[in-house]
Amino acid sequence: MPVETFGLTNASIQSVNTYVGNNDGNWAVAKRIVDAFAPHAQATPDMTVRVDAGSVFNGTTLTEVAAQSTGTIAAPTANPRIDRVVIDRATGAVSVVAGVEAAAPVPPAIPAGKAPVAQVALVAGQTQITNATIADERSLSTLGLASGAFANIGTLATLNANPLLKNDGSGNAVPAIPMQSKSASYTFAAADRGQLIQFTATATATLPGVATTGNDWWVALRCSASTLTVSAASGQIDGGSSITLTAGQSCFIVAGADNYWSVGKPAAASRALKRQVFTSSGTFTPVPGITDYKVTVVGGGGSGHKDTDLTAKGSGGGGGAAIKWVTGLSSNVAVTVGAGGNGVGSQPQNGNPGGTSSFGAYVSASGGGGGTGASQGTAGAGSSGDINIIGYPGNWGVGGGAPSPFFGPGTAANGGGPTSHATNYGSGSGACGNGVQSGNGAPGIVIVEWIE
């Protein structure tokens, strides 16, 4: 694959062509690293593992290693087993370290001079190794380094092998650049390129102007205090004037052509929509730290008229509704949920209206009217809301009760069946006859919502 120039990608500010072009180019840059000795199943799965091409470096010589396959891996006889695929750090040759069968198997130890490539989960009677049974465990930062390179990491001769690592004297790769600590705000200079800095007190870290650093400048930051604010002397960072790290968070800061970008910064905590639903009257207590709320109120539904027949009788009207943004709320609020109009049993008798729902003095919605022998129940209406909604009037004759503004229909007219009460918040009940009691209108509802 030909080489490309690495370019930062940011879908929120780049054109589609620039973003896609940079992305394709970046994968061309990354392929040699991320594909090195990548493990996977064969094209036609069998009991071997295929390992892609890679390279090993011993401090002075770079050896290219062609793609290769493991020998046949025998399935366990009774219990599961985990085997390890490894490569030789000096030659890049692949081999398999067999684990031990057990009800809860563990992977075998990695032999000296070997680099881990993958774990393979095996079961008794297995005849194929698929990608689903292979777990990639390559350590890409040190995978292609032979023992000679480990001995020399961090020296002037081989610093470019990996400028962030060095040998700790026991064969372990450790950071070559010690972490510095700052207990106060700090202004970076171009000479701070590549430094690892921990802030142990609440502070502001000011980056130098991008024009003075060049686009290969970077630092690694860690916040171990409550807050670290990172800003730039000129230009932006992540498209804004600053970013904030909280206790325990870390990230890289990288200079681009004109601005800075963070890499590895934890995403901001997601915010959630919360609500409290009142189906009966009560008190709303504001959430600590939250002062703005969306309140929806629906009045109760009215009940239908009662008579000997349904030919000319009114059903109950629907409650009104209102939506209000209440801001600056800091004290408790009385919540009233309007009752549904009670059904009636004697005849002829008018239905009863639904009650008014309210959220303190901020917003309210009246209930629907009761049906009469002369007219259908009237519609309720919202009041003092940012959005005020007039409900539905009842129906006449055999028509059912009015629907709720939001929650569904009222009950049907009843010529002799069992009494049916309205259940959808704010809906009305139908008229009734032939000795049947009219149903109750549905009660209203109050819903309080907020984001935290």
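The values are calculated or read from the model by the stated rules, or taken from the named source; none is laboratory data. Being a predicted model, the structure only gives us computed values, none of them experimental. For neighbour counting, all protein chains shown are included, and Cβ atoms are generated from backbone atoms with ideal geometry for every residue, glycine included.
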(1) in contact with a Phe, Trp or Tyr (Cβ under 8 Å, 6 or more places away or on another chain); (2) in the same structural domain as ASN414 (by TED's automatic domain parsing): which one isn't true of GLY235, the others all being true?
(2)
Residues of region 19-47 being of a type outside the set (A, V, I, L, M) and either at pLDDT 85 or above or under 30 Å from VAL85 (Cα atoms) (or both), which ones?
ASN26, TRP27, LYS31, ARG32, ASP35, PHE37, PRO39, HIS40, GLN42, THR44, PRO45, ASP46
Provide a single number: the residues in region 81-114 that are surrounded by 21 or more Cβ atoms within 10 Å (Cβ to Cβ), within 19 Å of GLN68 (Cα to Cα) and small (Gly, Ala, Ser).
1
If GLY382 satisfies every condition in (1) surrounded by fewer than 24 Cβ atoms within 10 Å (Cβ to Cβ); (2) closer than 30 Å to GLY289 by Cα but one, which is the exception?
(1)
For region 220-227, state whether one or more residues are more than 30 Å from the chain's Cα centre (by Cα), of a type outside the set (Ser, Thr, Tyr) and at pLDDT 75 or above.
no
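When residues of region 269-300 are filtered for being loosely packed, with under 15 Cβ neighbours inside 10 Å and of a type outside the set (A, V, I, L, M, F, W, C), how many remain?
Total satisfying the criteria: 13.
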Identify the residue in region 1-17 that is exposed (fewer than 14 other Cβ atoms within 10 Å of the Cβ) and hydroxyl-bearing (Ser, Thr, Tyr) and, among all such residues, is farthest from ALA255 (Cα to Cα).
SER15
Failed condition for GLY25, given (1) surrounded by fewer than 16 Cβ atoms within 10 Å (Cβ to Cβ); (2) not assigned by TED's automatic domain parsing to the domain that holds ALA135:
(1)
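Yes/no matrix, rows are residues, columns are (1) free of Cβ contacts under 8 Å to residues at least 60 places away in the same chain; (2) surrounded by 15 or more Cβ atoms within 10 Å (Cβ to Cβ); (3) closer than 27 Å to ILE290 by Cα:
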position	(1), (2), (3)
ALA191	yes, no, no
GLN198	yes, yes, no
PRO208	yes, yes, no
TRP218	yes, yes, no
LEU221	yes, yes, no
ALA225	yes, yes, yes
SER242	yes, yes, yes
THR246	yes, no, yes
ASP258	yes, no, no
Is region 357-377 home to any residue that is surrounded by fewer than 24 Cβ atoms within 10 Å (Cβ to Cβ) and under 15 Å from GLY300 (Cβ atoms)?
no
Scan region 356-377 and give yes if some residue there is assigned by TED's automatic domain parsing to the domain that holds GLY410, touching a residue at least 40 places away in the same chain (Cβ under 8 Å) and under 32 Å from the mean Cα position of the chain (by Cα), otherwise no.
no
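Looking at region 311-335, which of the residues that are in a loop (DSSP other than H, G, I, E, B) and over 41 Å from the mean Cα position of the chain (by Cα) is surrounded by the most Cβ atoms within 10 Å (Cβ to Cβ)?
The qualifying residue surrounded by the most Cβ atoms within 10 Å (Cβ to Cβ) is GLY316.
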Looking at region 431-452, which of the residues that are of a type outside the set (Val, Ile, Thr) and under 30 Å from LYS294 (Cα atoms) is surrounded by the fewest Cβ atoms within 10 Å (Cβ to Cβ)?
GLU452
Any idea which of ALA247, ALA322, ALA255 is of a type in the set (A, V, I, L, M) and in the same structural domain as GLY341 (by TED's automatic domain parsing)?
ALA322
In this structure, does ALA75 turn out to be closer than 17 Å to LYS114 by Cα and at pLDDT 80 or above?
no
